[in-house]
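Data first, discussion second: the structure below is written as structure tokens.
The values are calculated or read from the model by the stated rules, or taken from the named source; none is laboratory data. Everything numeric here is computed off the predicted structure, so don't read it as measured data. Note: ideal-geometry Cβ built from the backbone for every residue, glycine included; neighbour counts use all protein chains shown.
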Amino acid sequence: MRKIFVGLLVFLVVLVAAVALAPLLFKDKIKQALDRQLAERVAAKVEYDPANVSLSLFRTFPDLALSIDKLRIIGQDSFARDTLAYLPAFRVGLDLMSVVRGEQIKIKSIQLDQPDINLRVLKSGRANWDIFLSDSTLATQGKDTSQLSIAIKGWEIVGGKMRYEDLTIPFAVQAHNVNHTGSGDFTQNVFDMVSQTTADRFTMNYAGTDYLSNTKLNADVTMAMDLDKMLFTFKDNQVRVNEFPASFAGTIAMPQDAINFNLTFKALETDFKNILSIVPGVFTEKFKNIETGGKMAFDGYYKGTMDEVKSPGYGVNLQVKDGMFKYPDLPQAARNINVNMVVDNPSGFTNNVKVSVKQFHLDLGKNPVDGTVAIDGLEPMRVDGRVKANVDLAEIMKVYPIEDLLLRGQLFVDATAKGIYSTTQMPVVQAAMRLTNGYVKSKQFPAPIENLTLNGTVTNTTGKPNDTRLNIPQFRMLLDGEPLEGRIAAQNIDKPIFDTNVRGTVDLTKLTKIFPLEGMTVTGRLNGDIAAKGSMADIEAERYQNVVASGTVNAQNVTYKSADLPQGVKVTRATATFNNDKIVLQNMNGFVGSSDIAASGTISNYMGYLFTPGQPLRGNLTVNSNRFNVNEWMVDEVTAKPTTTAKTTAPAQAQGVLQIPKYFDLTLNSNVGQVVYDNLKLDDVKGTVVVRDEAVRMDGLTFNTLGGNFATTGSYSSKDLQHPKFNLGLNIKNLNFQNAFQAFNSVKTLVPLAANLEGIFSTNFNVSGEMGPDMMPVYSSLTGKGLFEVVRAAVSGSEVMDKISALTQFQELKKFVVENKDVAAELLNGNFIVKPFDVNVGQIKMTVGGSNNVNGNLEYVTALNVPTGKLGNQLNARLTSLTGVQNLEGTERVTLGLTIGGTVKNPQVKLNSGSVKAQAKDLVQNIVQAKVTDAKSQLQARAQVAQDSLQRDLARKQQDLQEKARLEIEKKRLEAETKIRSQAKDKLNGILFGKPKTRPTETTEPATTTPEPSPADTTSTGNR
């Protein structure tokens, strides 16, 4: 017995040791397979820390658990800044024996903890998840596709966040706290897949409207899976949104590239309360106590083929009979809710959809609301509808709770529309709206809007867009006792003709507390009297003499801040006087961000700018500021979003690029005490700045900084925000070398030898190129030339000069002074090229020229013309070897040719030529000219490569557009054919069978009990 116990104990110890050691034995192997699969199969950027990869047998024994923490998948090209998925904890269960045998590594389970998944489809149809290469694609590339095998039997998502957005539709779904489990034996070809899903805050949006908002989702689905036929059949299933349960029946088949749907769906319960739960704003904590009545029926279908051209047909039927609801703490109920709606589109082509709301009625207390609408197609849309309501707003408050809002007043609406809506047609419209004795009060701000009166009509009697007329002869209100009133009349949709007048005081702080503006904060007061009469045709043609506009607006402490303008703008006070073609701005004082500003002048074409897309706002303003911080106006070069947030102070350094407004044509006569840009402070800034066509042009702009005087003329353009361009002419006087070197990174990069210069210089230099995302020049893009005037430069501590001195034994070269010397230079292809110049150091005549690049590499040549007597024995012997002259003592002077390579910190100096002739300058000139020629050749070659790449991109885009156009034409053809067949069938039915006779009106009294509506019939559309 003892032996058995000891043997069992030894076995357990060995087993535990094996379980503990297995991860160490196979970790490298699995990691190599993981890296290889990611590199070969995933066309995206996958980020993870190898230290966050672990293996364990204890957690999933007998499977091997692979864990990867903080895994991030980032898209490419159009999605290069989008995170497709962030997985804080990713677990994969691997078949242990497949790892041991070195065969295919079989994946048996997957678990995701708190994943954040973002799926997007662009308007072009490109999807960000299209990053996985198929086995067939890999096989054609000669890649091994047998490394991994999917043998999954279970998977789980815990606490996930998921977003799906399809801009082609446009459609979006979002869910939080997603919990999902699934099971199924994917080692088999035929099996059942069972899944359970729950989610909070489930939102579904179409074309900017939330049809489901912050609902709860609960789905239990069983599907029969046939992987051989790629046929998937719904079995037992229930999907519940809030309290609304539904189920699906049918199949999804994927025979090849297309997907075939044959699905129907229906509500599992018929109480009106179920569908009421998904109405936005109704499903709250109070919902369980709401008293309801009535019945409903809901069903539909989704059938057909989905491919590049076709979409499945679909239909939805909704009926509500005698619905009612009443909140327990409110005195009145909404009753007689009756809805009969059918949406039908058997062809699947969006333009063939038909919507029929034959009945919509409800009584809000004693206030009836009625409506009907029939829609056929979208482009063009045939519409026939009416809505009529006469509602006491105070009565609504007794029926439906609107938290923290009090309403009163009588609202009357009666509108009909019948006809075709398209780019060239309008339905015949008759619409009237009246609001009398209106009253609005919110909890956020106790001061109410009172005496709100509005009377208006919209009419179109011919169906022609330009015969549409809007007439609001009067509106008025009191906001906390301050009056605002006016009138509006307009006609002609294409080129509106308008006549309007507004006068009074608007307290923006009070108004926006009553009616909050999402994502914006507006405060302050506006007082004015403005009138305008004319036509958009005259405004677009700039015939301002035909437009009558006049008025004055006074602003006090007006502020504006938003997500797109987190820096904020404040107008402390300003007066603006309007006439036909311009605004005269007087005494405007305030702040833009943290910068104070005072402005006056004229603004013209303001009507064109406000009302006609693409027209610029013109102006000529005098702008003064004590201190202006440019850094806080930087934006991200891709998203164009500000890099400064509302909660941060103005940054000390530039972050992002400077974006110039697109539709501005402004001349700013500027006088600024100090401009802060990056880490520089520019004092006494004066000059003219022209803002036009997403570019800034500076004319004679002057300023002082770092002890020097600057004048600049040039331009900066952000038209291509990812590649902003500049072209500047710099005229700098009396700037200290060390100040320039410490302050300007460009000097450190392009002129590294300036680190060892003390003194003063001036320059006149022209340079152009591209700015990077940090608003620093992209050095490889720079071209330019100019002249440096060295007033005085003391050279000392230079590694280059120390090594020249050590090689030649000329001690005076270690430390010397240059005065009143002109040095010409050129920028080409990322190379700073110094043209040959002469310097006298004692008896030494030195000629220097060459270049250095952005990597710090030196390519200079120096010719030293010296008296022969200065040569030491070793240098004399070396020069004799180079020149072939045996007796150098017979020559008065000799020339030494030196090359300077390496880097600034580790220069390499060599003596490689010598001459008894005074040809120092020619020697340097030839070498430098060769460098210039080479740099220009490289620049031309790079430009040609860029041009070729641009041509290839244009050709690819053209091909994509052609293919998209072909598919669209084919889609339109099939859509038209389907519509013609449908119309022909309807006409044939009319010819053969005639119109159905109208049934006589029933005279019997209706039954006292409410019949349960039968499910809407979809046979005619869904089962064809």
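Scanning the range 817-843 for residues that are farther than 21 Å from residue 872 by Cα and touching a helix residue (DSSP H, G or I) at 6+ places or on another chain (Cβ under 8 Å) gives 826, 827, 828, 829, 830, 831, 832, 833, 834, 835, 836, 838. Here residue 426 passes the criteria (1) in a strand (DSSP E or B); (2) outside the structural domain of residue 291 (by TED's automatic domain parsing) except the one numbered (1). If you go through the range 596-619 and keep only what is part of a strand (DSSP E or B), in contact (Cβ under 8 Å) with a residue 24 or more places away in the chain and in contact with an Asp or Glu (Cβ under 8 Å, 6 or more places away or on another chain), you end up with 617, 618, 619. Pairs are defined by a Cβ separation below 7 Å, a sequence spacing of at least 6 or placement on different chains, a first member in the range 693-709 that is more than 15 Å from residue 681 (Cβ to Cβ), and a second member that is assigned to a loop (DSSP other than H, G, I, E, B); the pairs so defined are 694/660; 694/662; 694/718; 694/719; 695/660; 695/719; 696/660. Restricted to the range 353-390, and to residues there that are in a loop (DSSP other than H, G, I, E, B) and not β-branched (Val, Ile, Thr), the residue that is nearest to residue 428 (Cα to Cα) is 380. Listed by first and then second residue, the pairs linking a residue in the range 566-578 that is closer than 22 Å to residue 594 by Cα to a residue that is of a type in the set (Lys, Arg) and assigned to a strand (DSSP E or B), with Cβ atoms under 6 Å apart and 6 or more places separating them unless they lie on different chains, are 568/561.
Conditions (1) in a helix (DSSP H, G or I); (2) surrounded by fewer than 17 Cβ atoms within 10 Å (Cβ to Cβ); (3) hydroxyl-bearing (Ser, Thr, Tyr), marked per residue:
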| residue | (1), (2), (3) |
| --- | --- |
| 684 | no, yes, no |
| 691 | no, no, no |
| 712 | no, yes, yes |
| 719 | no, yes, no |
| 723 | no, yes, no |
| 726 | no, no, no |
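A single entry from 857, 865 fulfils the requirement of being within 44 Å of the chain's Cα centre (by Cα), assigned by TED's automatic domain parsing to the domain that holds residue 909 and farther than 25 Å from residue 760 by Cβ: 857. I need the full set of residues from the range 543-553 which are touching a residue at least 12 places away in the same chain (Cβ under 8 Å) and either surrounded by 14 or more Cβ atoms within 10 Å (Cβ to Cβ) or among the hydroxyl-bearing types (Ser, Thr, Tyr) (or both), in order please. Of everything in the range 543-553, those that are touching a residue at least 12 places away in the same chain (Cβ under 8 Å) and either surrounded by 14 or more Cβ atoms within 10 Å (Cβ to Cβ) or among the hydroxyl-bearing types (Ser, Thr, Tyr) (or both) turn out to be 544, 547, 549, 550, 551, 552, 553. Residue 252 fulfils the conditions (1) over 19 Å from residue 210 (Cα atoms); (2) touching a residue at least 24 places away in the same chain (Cβ under 8 Å); (3) buried (at least 18 other Cβ atoms within 10 Å of the Cβ) except for a single criterion, (2). If you go through the range 344-352 one residue at a time, do you hit one that is out of contact with any helix residue (DSSP H, G or I) (no Cβ under 8 Å at 6 or more places or on another chain), part of a strand (DSSP E or B) and either buried (at least 16 other Cβ atoms within 10 Å of the Cβ) or at pLDDT below 95 (or both)? No, the conditions are met nowhere in the range 344-352. Here residue 742 passes the criteria (1) modelled with pLDDT of 90 or more; (2) polar (S, T, N, Q); (3) within 20 Å of residue 708 (Cβ to Cβ) except the one numbered (1).
When each of 322, 299 is tested for being surrounded by fewer than 18 Cβ atoms within 10 Å (Cβ to Cβ) and at pLDDT 90 or above, the lone residue that passes is 322.
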